[in-house]
1. Read phi for every residue in the stretch 28-43 and hand back ³J(HN,Hα) as whole Hz from Karplus 6.51 cos²θ - 1.76 cosθ + 1.60, θ = phi - 60°, with x for Gly and Pro.
2. Quick one: Debye curve from the alpha-carbon atoms of the chain only, equal weights, vacuum; give me log10 I(q)/I(0) at q = 0.15, 0.17, 0.19, 0.26 Å⁻¹ to two decimals.
3. Carbon and sulfur atoms: what percent of the 1.4 Å accessible area of the chain do they account for?
4. Just need the Rg to Rh number for the stretch 29-79, please, alpha carbons only, Kirkwood Rh.
5. With a probe of 1.4 Å, find how much accessible area the stretch 11-69 has per residue, and write the answer as a whole number in Å².
6. Would you rank 26, 93 by solvent-accessible area, highest first, keeping every protein chain in place and using a 1.4 Å probe?
7. Near the amide H of residue 36, under 5 Å away, which other amide H atoms are found, from residues 5 or more places off or on another chain, if H is placed in the peptide plane?
8. Mind grabbing the accessible area of residue 78 for me, 1.4 Å probe, Å², rounded to tens?
Amino acid sequence: MLSQNYDQLSRLGERQARLLGEYWARRNVVLDRVCSGPALRHRHTAQFVSDAYRTAGRDFPPPTIADEFDEFQAEAVLSESLPELLRNNPKIREW
């Protein structure tokens, strides 16, 4: 179930990020660079992975925030693309 705050990492997401970090650390995955999207849940995911690495005594580079990993705005995408889709796609027109 989605929470009221879409940008908040869920408890399941926290657990998954921690497990991923533990998994990579056990397998000696070395990360030269880490990038994260700008959303709070993106940054929290990187933090949980980082914490798991550091708990295992492994280095974890500080994440670089990359705006390119932010999510697109669905309404804006539809506003821009729907007129052309309606003109050129019979299935869309049917729907």
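The values are calculated or read from the model by the stated rules, or taken from the named source; none is laboratory data. As the structure is a prediction and not an experimental result, all values here were calculated from the model. With ideal geometry, Cβ positions are generated from the backbone for all residues, glycine too; neighbour counts draw on all protein chains shown. Heavy atoms of the whole protein, side chains included, go into the accessibility calculation; ligands, DNA and RNA do not. Shrake-Rupley method; radii C 1.70, N 1.55, O 1.52, S 1.80 Å.
1. Working through the residues one at a time gives 6, 6, 9, 9, 7, 8, 10, 10, 9, x, x, 5, 4, 5, 5, 5 Hz.
2. Debye intensities relative to I(0), on a log10 scale: -0.70, -0.79, -0.89, -1.29.
3. After summing per-atom areas, the C and S share lands at 53 percent.
4. Here Rg/Rh amounts to 1.14.
5. On a per-residue basis, the stretch 11-69 sits at 69 Å².
6. Largest to smallest exposure gives the sequence 26, 93.
7. Amide H neighbours of residue 36, under 5 Å, 5+ apart: 64, 65, 66.
8. 100 Å²
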